Amino acid sequence: MTRLEKNDRLVRLGLLMIALSAISVLAIITLFIFEQGTPIMFRYGFKSFLLGQDWYPSEKSFGLLPMIVGSLMVTFGALIIGVPLGLASAIFLTEFSHRRLTRILKPVIELLAGIPSVVYGFIGLMFLVPFIRDNFGGPGLSVLAASLILGIMILPTVISIAIDSIRAVPDSYREGSIALGATRWQTVRMVVLPAARSGIIAGIILGMGRAIGETMAVIMVAGNAADIPGSILAPVRTLTSNIALEMAYASEEHREALFATGVILFIIIMILNTIANVTSTRQRKK
Amino acid sequence: MGGQLKLQPRTEQKVIQVFMYLMTSIAVLVLVFILVVILKNGLPQLNLEFLTKNPADMGREGGILSTIVATIFLTFIALLVATPLGVGTAIYLTEYTVESRITRIIRFGAECLAGIPSIIFGLFGFILFVNKLKFGWSILSGGLTLAFMVLPTIIRTSEEAIKAVPPAYRLVSFSLGSTRWQTVTRVVLPSAIPGIVTGVILSIGRSIGETAAVIFTAGSALRMPTSLFSSSRTMSVHFYILAKEGVSMPKAYGTAAVLVISILVINIVTYYLMEKYIKRKS
Amino acid sequence: MKQRGILVRDFSHYYGENRSLNNINLDVYRNEILGIIGPARSGKSTFLACLNRLNDLIPGSRVEGKILVDDQDIYGPEVDVVALRRKLGMVFATPVPLPLTIYENIVFGVRLLGNNDRGELDRIVEDSLEKAGLWAEVKDRLHTSALKLSGGQQQRLCIARVLALKPQYIMLDEPTSGLDPISTMKIEDSLRTLKKDYTIILVTNNTKQAARVADRTAFFLMGELVEIDETRVVFTRPSDKRTEAYLEGKFG
């Protein structure tokens, strides 16, 4: 083996080390969150965490059910708002609008993905919350407000991924369908959307991950009461807000309980990631 | 078919088209509305004093200079750490190995990392950097936490940029007697630089806007940072506190405007680079 | 008696399970132009890639048999692949200038060895471009992007880039396939001049080109060497029916 080849082996080894250390970040994060969060779950029993309805850390009562329900509710709400709006926009921009309009609007939407979440939360707090309070009643800080803000926040993600997967459908499919006498909409509904399905689903799952993991925007508009909300106008606290609200002053078991909240959030996100990964690999294979 | 209640395909098409048009308008208008509100209320607050004076009286008076400085430091540290790691990983994945179990694990890991919510990064940074490594609430803790957060973005964009380099360049380089490393440094990386820069700029945007991961790692002290171990408040954290605690709405709007303008500029530059170098090549 | 430069003995090459070259035996003489003709996918390009071991870069590539270049077994354990590739310079079918200036393209291979002496680099650039017949056309814009040259100029640049390596062999893989007749003629002219100093292997899908410039011609078909002989003989009295059929345009 020559000197150059030996050097090349060294470089390869070095780069492998870098790649492994980059990826060990994931392992380290997992390790730390679980190391901090699971002991208390064993001590008090998983059931009391997952199904307990009372969150009174000062009295050693760590029921996370209200937050789990809260996270699921606002995420579900975000999807109800974000997915139809997002999909309709994506279909409109790829299949119906003028090319020039699409060329302007797509970048605008993508640029707006960069607006920090605190800004979304702030707008929600200033406009949406008073609007809900004055027109529908309740405190305004509510499941509805959080869902609306999250639904808007996931729009850029849902739209741009849906646009990409709709564009990936070969034009020959469309031409074939139109040649058979289908209208544009029939073509979209019966040919384009089924072909783009798994990409669109992956986009929705990513949006869902974004919604369930969002913290600051939710804190600002959700009201944060640690009770299971009775209606969509009632305040709600999510897993993420639970951590962010109390981290600053929590200590000992209370802090551990916040890490336990992180563990549950982490598991939910990992499940979503795996589903998204499997769906998008399936599309690529096709 | 043939049910009389059913719309004619052409009518149905018209109805759907109008519906889609409305939905798209709503989506775009809402997003643009946010931008307009921030700029309309924030721009009047902006002046030289706002940008060059430190906050006083908890942010009620003065400007936001110390938070701008903190944001820049934090972002700089994040990129200083994440760029070599991310680009190195991308080079390994694209140039130094064939598809295998290891590459699949690395890619899956990067994707998972990209999906982890920022509050989890905040928790992690708090326990590792602030507590265990005793960096305290500091620029360093916050920067390292952000580095981990933007790492997947840098890996992915670098990988795409490297993949977009025509394979023929590599073949020519090898045929002229390069080793693999020479091929990477003299041919592949120079061609991929614009794409890699795009990823880095994108990460700058994310670092500037991040709040949840930063508030528990860099802290929220309103002083001008003096060292790596100073606790300090970034622009987005400052904005969050001003707005959430109702300290001062004018100052909150002003901070938001600076935040949004810098991120928009960064994203526009990225978008331009992306159009120019990545998409056209592939 | 002609001197033999490359000896190929019982050589086969596989991509995974597929055999792409089957039991090739041939010699390349010094200072000749050996033309290699044959239809697409007959193994011509693979053969070139095996000679400078560019096939190493393809996963699943495997060889059997021997190739000796200047009496050295190039698949032996002690071989310096980098040195081998500099000895057998290669020009590809489509001209691929690297995204650098004309000057930097030429000295790319020289710089790889750590040679950065300005005066020597200047000499090498002029000398290589002169030999490739491009000097007069580009001498005033050496420091402009090579991507701005025309297709024919780019291909001559690629030849000059190989000459700068001071190789002993030049392998060209259908170098004129994308070029107009005038550019083709210029390249063929420079090949005739170059063979005084180099041994040239010219893969071409244009049989007339082989007839015009090659001293000897080899005919490849489906990974096998059908025949190899003086060009004149191959084209007038081929010994194999398949060669005759191919030259008459019955397939390919």
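What to note about this one:
- Hits in the stretch A:55-66 - residues which are small (Gly, Ala, Ser) and under 18 Å from residue A:247 (Cβ atoms): A:58
- From A:69, A:74, A:158, A:118, residue being in contact with a Pro (Cβ under 8 Å, 6 or more places away or on another chain) and either closer than 25 Å to residue A:243 by Cα or crowded, with 17+ Cβ neighbours inside 10 Å (or both): A:69
- Flag if residue B:105 is without any contact (Cβ under 8 Å) to a residue 40 or more places away in the chain, under 30 Å from residue B:216 (Cβ atoms), over 20 Å from the mean Cα position of the chain (by Cα) and within 12 Å of chain A (Cβ to nearest Cβ): yes
- Every test in (1) crowded, with 23+ Cβ neighbours inside 10 Å; (2) touching a residue at least 24 places away in the same chain (Cβ under 8 Å); (3) closer than 25 Å to residue B:261 by Cα is passed by residue B:54 save one, and that test is (1).
- Pick from the stretch A:41-66, criterion aromatic (Phe, Trp, Tyr) and modelled with pLDDT under 90, ranking: surrounded by the fewest Cβ atoms within 10 Å (Cβ to Cβ): A:46
- A single member of B:183, B:179, B:145, B:153 is modelled with pLDDT under 95, more than 14 Å from chain C (Cβ to nearest Cβ) and crowded, with 19+ Cβ neighbours inside 10 Å, and it is B:153.
- Just one of (1) within 17 Å of the chain's Cα centre (by Cα); (2) aliphatic (A, V, I, L, M); (3) buried (at least 21 other Cβ atoms within 10 Å of the Cβ) fails for residue A:268. It is (3).
- Residue satisfying all of: in the stretch C:113-140; of a type in the set (A, V, I, L, M) and touching a residue at least 12 places away in the same chain (Cβ under 8 Å); farthest from residue C:165 (Cα to Cα) among these: C:138
- Checking each residue in the stretch A:43-72 for being of a type in the set (Asp, Glu) and either in contact with a Ser or Thr (Cβ under 8 Å, 6 or more places away or on another chain) or in contact (Cβ under 8 Å) with a residue 24 or more places away in the chain (or both) picks out only A:54.
- For the stretch A:179-195, filtered to residues that are within 14 Å of another protein chain (Cβ to nearest Cβ) and among the hydrophobic types (A, V, I, L, M, F, W, C), the residue that is surrounded by the most Cβ atoms within 10 Å (Cβ to Cβ) is A:188.
- Scanning the stretch A:196-231 for residues that are assigned to a helix (DSSP H, G or I) and surrounded by fewer than 18 Cβ atoms within 10 Å (Cβ to Cβ) yields one hit, A:197.
Here is a yes/no grid of residues against (1) surrounded by 22 or more Cβ atoms within 10 Å (Cβ to Cβ); (2) under 30 Å from residue C:230 (Cα atoms); (3) of a type in the set (Phe, Trp, Tyr):
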site	(1), (2), (3)
C:119	no, no, no
C:134	yes, no, no
C:137	no, no, no
C:151	no, no, no
C:177	no, yes, no
C:183	no, yes, no
C:193	no, yes, no
C:199	yes, yes, no
C:205	no, yes, no
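- Screening residue C:45 against (1) of a type in the set (S, T, N, Q); (2) under 24 Å from residue C:146 (Cβ atoms); (3) free of Cβ contacts under 8 Å to residues at least 60 places away in the same chain; (4) more than 10 Å from every other protein chain (Cβ to nearest Cβ) leaves a single unmet condition, (3).
Yes/no matrix, rows are residues, columns are (1) closer than 23 Å to residue C:174 by Cα; (2) within 14 Å of chain B (Cβ to nearest Cβ); (3) not in a loop (DSSP other than H, G, I, E, B):
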{"site": "C:85", "(1), (2), (3)": "yes, yes, yes"}
{"site": "C:89", "(1), (2), (3)": "yes, yes, yes"}
{"site": "C:94", "(1), (2), (3)": "yes, yes, no"}
{"site": "C:104", "(1), (2), (3)": "no, yes, yes"}
{"site": "C:110", "(1), (2), (3)": "no, yes, yes"}
{"site": "C:114", "(1), (2), (3)": "no, yes, no"}
{"site": "C:119", "(1), (2), (3)": "no, no, yes"}
{"site": "C:129", "(1), (2), (3)": "yes, no, yes"}
{"site": "C:140", "(1), (2), (3)": "no, no, no"}
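- Test set (1) closer than 30 Å to residue C:246 by Cα; (2) more than 14 Å from chain B (Cβ to nearest Cβ) - residue C:159 fails condition number: (2)
- For the stretch B:156-176, the set of residues classified as buried (at least 23 other Cβ atoms within 10 Å of the Cβ) and either away from chain C (no Cβ under 12 Å) or assigned to a helix (DSSP H, G or I) (or both) consists of B:157, B:158, B:159, B:161, B:172, B:173, B:174, B:175, listed by residue number.
- Residues satisfying the stated conditions in the stretch B:57-79, i.e. free of Cβ contacts under 8 Å to residues at least 60 places away in the same chain and closer than 23 Å to residue B:145 by Cα: B:72
- Test: residue in the stretch B:232-244 that is of a type in the set (D, E, K, R), within 11 Å of chain A (Cβ to nearest Cβ) and touching a Gly at 6+ places or on another chain (Cβ under 9 Å): yes
- Restricting B:164, B:212, B:218, B:168 to residues that are touching a helix residue (DSSP H, G or I) at 6+ places or on another chain (Cβ under 6 Å) and under 30 Å from residue C:96 (Cβ atoms) narrows the list to B:164.
- Only residues that are among the polar types (S, T, N, Q) and surrounded by fewer than 22 Cβ atoms within 10 Å (Cβ to Cβ) were counted across the stretch A:241-265, and they come to 1.
- Helices (runs of 4 or more DSSP H) enclosed by the stretch B:186-282 - at least 1 residues per element that are surrounded by fewer than 24 Cβ atoms within 10 Å (Cβ to Cβ) and at pLDDT below 90: B:189-209, B:235-244, B:249-273
The values are calculated or read from the model by the stated rules, or taken from the named source; none is laboratory data. Note that the structure is a prediction, hence the values are computed from the model and not measured. Because the Cβ atoms are built from the backbone with ideal geometry, glycine has one as well, and the counts that use them run over all protein chains shown.
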